[in-house]
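The structure appears right after this line, and notes come after that.
The values are calculated or read from the model by the stated rules, or taken from the named source; none is laboratory data. All figures in this text were calculated on a predicted structure; none of them were measured in a lab. Cβ sites come from the backbone with ideal geometry, for glycine too, and all protein chains shown count toward neighbours. For accessibility, only protein heavy atoms count, side chains too; no ligands or nucleic acids. Shrake-Rupley method; radii C 1.70, N 1.55, O 1.52, S 1.80 Å.
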Amino acid sequence: MTTNPLPPNQQLVRGDRWPVVGERHPGDTESPWSLEICGCVIRPLIFSLDELLAMTQVTRRVDVHCVTRWSKPAMSFTGVLLNDLLQGTGGPIWTDEAKVVSFVARSERDHSTSMLLNEVLELNPIVAMTADGSPLSTEHGGPMRMVVPGKYFYKSVKWIRRIEFLKEERLGYWESEAGYHNGADPWREERYMAPTLTKQEAFRVIEARDFSGRDLRSINAAHRGLSHLNAREALLRHADFRSSNLQSANFRDANLSNANLQLADLRGACLANADLEGADFSGADLRGSDLRGASLFGASFYQPDDNDASSTFAIIDNTTQIDVASLDALVEQQKAFVLNAISSQS
Ligand SMILES: Nc1nc2c(c(=O)[nH]1)N[C@H]1C(S)=C(S)[C@@H](COP(=O)(O)O)O[C@H]1N2
Ligand SMILES: [Mo]
């Protein structure tokens, strides 16, 4: 069914699923919806939802790629092309000063993301009101959201309310809070910025074996002896724990989204309630570990395309504690592998 190849290290979502990522509700639901275009513009514009729906509607096929490694190819989105809104009848709306476009949501945290003006014009996003033939549901950004083709999906703001032209970059929510790469090109795997931690700082926390509550995004803790590590509530997105000894480590409530745990020894480790979206456990030993309540979208327990298959499967058996319900977040083959493995004897 898929025609396009997947970008590196992405996996197909199962069937017709569409995971909800990030915020689930818009902010104010009382006042009428509208889209404002402002900032470095010749004159500000405002479109009501009805006006948008009355304009020429365009349908585009878009391959959705989430930074947490799931992809949903060939979705169809219908709405108004941003270039049509911006160029209208009287030529471009922005002034010479404009370099960056910021997309702002009507949401509790005024969620936003931004892109270079050149890129926006080239990618030609849509202000979408419809997805796969139905009006957008609230949790997916209804009544209107941005859909930006060719970028990780965090560049596509749900509940769009304002498009602002800026002279300078203003980092968005995920880019500043989670360290997501501002480029967001899935083909170049621009998932994360370079680590913020210096080598010395990393060395110090690794020596102390206390990561609890700390922001250690993208830390390099590969090939380390870290048994009984205390990493409760630590921010460990994109951390590298390849081949480390993490026996009996405590990652309760930690954020290990997109962490590399290949070949790690996680026997007896606690990963309860952890965010494990996009985490890679291939070849890891998970016997006696506790993953109850963990979020597993995009997680993998083996590398399907590896030649040396025998060494890349996670070691899971009936001593591994995992909610069968949360396995639903996995893609087909990963789910089947884990289900089969947890029923085997230790
Ligand atoms: N307003 C708002 N828009 C947002 C987000 C968010 O948290 N708030 N998350 C982004 C991220 S990280 C992704 S992957 C997509 C998810 O869209 P979906 O929930 O419809 O799959 O929305 C993006 N747009
Ligand atoms: Mo995302």
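Tabulated results
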read-out: Selected residue [under 22 Å from residue 218 (Cα atoms), open to solvent by 20 Å² or more (accessible area, probe 1.4 Å), more than 20 Å from the chain's Cα centre (by Cα) and of a type outside the set (Asp, Glu)] from 321, 345, 247; value: 247
read-out: Any chance residue 21 is within 16 Å of ligand 2 (Cβ to nearest atom) and modelled with pLDDT of 95 or more; value: no
read-out: The stretch 137-147, subset surrounded by fewer than 24 Cβ atoms within 10 Å (Cβ to Cβ) and part of a loop (DSSP other than H, G, I, E, B), residue farthest from ligand 1 (Cβ to nearest atom); value: 143
read-out: Residue 113 vs. criteria among the β-branched types (Val, Ile, Thr) and open to solvent by 30 Å² or more (accessible area, probe 1.4 Å); value: no
read-out: Neighbours by Cβ (under 9 Å, 6+ apart or cross-chain): first from the stretch 145-158, free of Cβ contacts under 8 Å to residues at least 60 places away in the same chain and closer than 12 Å to residue 60 by Cβ; second within 12 Å of ligand 2 (Cβ to nearest atom) and charged (D, E, K, R); value: 148/155
read-out: Filter result (in a loop (DSSP other than H, G, I, E, B), out of contact with any Lys or Arg (no Cβ under 7 Å at 6 or more places or on another chain) and of a type in the set (Gly, Ala, Ser)) within the stretch 174-189; value: 183
read-out: Pairs where the first residue, in the stretch 25-44, is farther than 30 Å from residue 96 by Cβ and within 16 Å of ligand 1 (Cβ to nearest atom) and the second is open to solvent by less than 60 Å² (accessible area, probe 1.4 Å) and in a strand (DSSP E or B), C-beta under 8 Å, 6+ apart; value: 26/105; 27/105; 33/48
read-out: Number of the condition not met by residue 106 [criteria: (1) out of contact with any Gly (no Cβ under 7 Å at 6 or more places or on another chain); (2) open to solvent by less than 40 Å² (accessible area, probe 1.4 Å); (3) of a type outside the set (Asp, Glu)]; value: (1)
read-out: Qualifying residue in the stretch 80-88 (condition: open to solvent by 30 Å² or more (accessible area, probe 1.4 Å) and either aromatic (Phe, Trp, Tyr) or under 30 Å from residue 275 (Cα atoms) (or both)); value: no
read-out: Residue selected from the stretch 154-173 under the condition crowded, with 21+ Cβ neighbours inside 10 Å and not basic (Lys, Arg), by the criterion farthest from ligand 1 (Cβ to nearest atom); value: 165
read-out: Every pair of residues 6+ apart whose Cβ atoms lie under 9 Å, when the first sits in the stretch 55-67 and is open to solvent by 40 Å² or more (accessible area, probe 1.4 Å) while the second is within 16 Å of ligand 2 (Cβ to nearest atom) and among the β-branched types (Val, Ile, Thr); value: 60/147
read-out: Matching residues in the stretch 73-84 - criterion: being touching a residue at least 60 places away in the same chain (Cβ under 8 Å) and in contact with a helix residue (DSSP H, G or I) (Cβ under 9 Å, 6 or more places away or on another chain); value: 79, 82
read-out: Subset tally (residues that are basic (Lys, Arg) and buried (at least 19 other Cβ atoms within 10 Å of the Cβ)) for the stretch 174-198; value: 1
